[in-house]
Amino acid sequence: MSDFIIGLIVTGIEKGFIRITRVGGTDRRVLLGQEVVVHGERDLPGVVAARPPHVLPPAERTKTVAWDDLFVDVGLPAAEVGRLVQVGDQISFRAEVATLKNHRIAGKAFDDRACVTVVTLALEQIAQVAHVWDVIAVATVQEERGLKGAMTSAHGVAPDLAIALDVTFAAQPSTADCDTVPLGKGPSIGVGPNFHPILAKRLRDIGDAHEIPYHVEAIPGGSGTDAWAIQVSRAGVPTALISIPLRYMHQPVELLDTRDVERAARWLVAFIGELKADFLDSIALT
């Protein structure tokens, strides 16, 4: 699983207003009007703003505001902003989790806090289950910036096999069925060159045996997840990918179904609990 690195960074200070650009895959279209926290000398609440449409040339009023025209206002005098904020300071979204109907919640950074929750639930449950394999849980950094944490973690841990966790695109209006999976009907498992076919099959068999709903997600190339870096670590690691369906990815209102999170954790626990000591031998012989 990977860290939260969807946010903003300070690029300059202009008369007390803070100029910004993206960190990771931040969606510029939804920035206007967002509450943020500037992590300077101390945390400063602020808002993302731009010139109102009334003072814009008519041709610009319907366009997405460019990065150079966005700024953060923390409400302080210019001298104090200059003392508390420096170029390079990080800015995060200030957004509370909203509990919706039908087991749905929305909030910031569920990519990939959702998978931290999956691991936490799985570790709590696996402590009560007999298992013959050692289990190592890793929360990686900078997945959005080149899978860096997965590279170093996989090299350091040198696992015999690995299951990466991430989010995937959940169905919503104006999206194709082939690019999304249903929300609230189970996590997905990746199939393709990034994943070991026998490990993926074993996970699918476990899901079927335990009546855990899931979806098969065809990923014909690099998955863009930690699985991509783990698979080629050292001499290679048999790797699988389990993903949580998520709407509105990289926006401060990412939305998921808590049942999918719980099912992913139960899936991991069932797989680990039934993993035999000679499983790697069965892979080596195929």
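Residue-level analysis places Leu84 outside the set of residues that are within 30 Å of Thr225 (Cβ to Cβ) and touching a strand residue (DSSP E or B) at 6+ places or on another chain (Cβ under 8 Å).
The rows are residues; the columns are (1) in a strand (DSSP E or B); (2) touching a Lys or Arg at 6+ places or on another chain (Cβ under 9 Å); (3) of a type in the set (Gly, Ala, Ser).
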| residue | (1), (2), (3) |
| --- | --- |
| Phe169 | yes, yes, no |
| Ser174 | no, no, yes |
| Leu199 | no, no, no |
| Glu211 | no, no, no |
| Ser223 | no, no, yes |
| Trp228 | no, no, no |
| Ser233 | no, no, yes |
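Checked against the criterion of being in the same structural domain as Glu124 (by TED's automatic domain parsing) and closer than 23 Å to Pro173 by Cβ, the candidates Pro187, Pro193 yield just one match: Pro187.
Just one residue in the set Arg94, Arg42, Arg19, Arg83 is among the basic types (Lys, Arg) and either closer than 21 Å to Val253 by Cα or modelled with pLDDT under 95 (or both); that residue is Arg94. All of Pro77, Pro52 fail the test of being outside the structural domain of Gly146 (by TED's automatic domain parsing), modelled with pLDDT under 95 and either more than 17 Å from Phe93 (Cα to Cα) or of a type outside the set (A, V, I, L, M, F, W, C) (or both), apart from Pro52. Among the residues making up the range 157-188, those that are closer than 21 Å to Ile272 by Cβ and surrounded by fewer than 17 Cβ atoms within 10 Å (Cβ to Cβ) are Val157, Ala158, Asp160.
Comparison of Ala240, Ala227 shows that the only residue that is closer than 24 Å to Asp134 by Cα, of a type in the set (Gly, Ala, Ser), touching a His at 6+ places or on another chain (Cβ under 8 Å) and buried (at least 16 other Cβ atoms within 10 Å of the Cβ) is Ala240.
The values are calculated or read from the model by the stated rules, or taken from the named source; none is laboratory data. Not measured: the values here are computed from a predicted model. A quick note on method: Cβ atoms are made from the backbone with ideal geometry, for glycine too, and the neighbour counts reach across all protein chains shown.
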